[in-house]
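What follows is a single structure, written as structure tokens, with notes after it.
The values are calculated or read from the model by the stated rules, or taken from the named source; none is laboratory data. Being a predicted model, the structure only gives us computed values, none of them experimental. Positions of Cβ are generated from backbone atoms using ideal geometry, with glycine treated the same way; all protein chains shown enter the neighbour counts.
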Amino acid sequence: MLKLGNMDAARVERLGALAAHVVEHALASGLSWDEAILGFGIAAKALAAKAADQGVGRMDQCAALAERRLKAGMDQSADVLRAFLR
């Protein structure tokens, strides 16, 4: 199971399921791994724009948070997902 700080188990489970779903689609997309990563960045920017549209914050604030969260995600272990995808 993924472990993400003090996040409750149900949220961690949903986050892991989302990550596995995204990885499966990326692998099936026909894109190279680094092109798929570029797509993740574009998706993060789109989610930040949606959050800004919903009044969560200014676009620059939401985009900055999205970038920090992407970097925090890169700090996590992918072992659980790699085992799942074999």
Taking only region 3-41 into account, find how many residues are of a type in the set (A, V, I, L, M), outside any loop (DSSP other than H, G, I, E, B) and within 16 Å of M74 (Cα to Cα). 10
Go through region 55-86 and report how many residues are modelled with pLDDT under 90 and in a loop (DSSP other than H, G, I, E, B). 5
Condition broken by A52, with the remaining ones in (1) modelled with pLDDT under 95; (2) surrounded by 11 or more Cβ atoms within 10 Å (Cβ to Cβ); (3) within 16 Å of R69 (Cβ to Cβ) satisfied: (1)
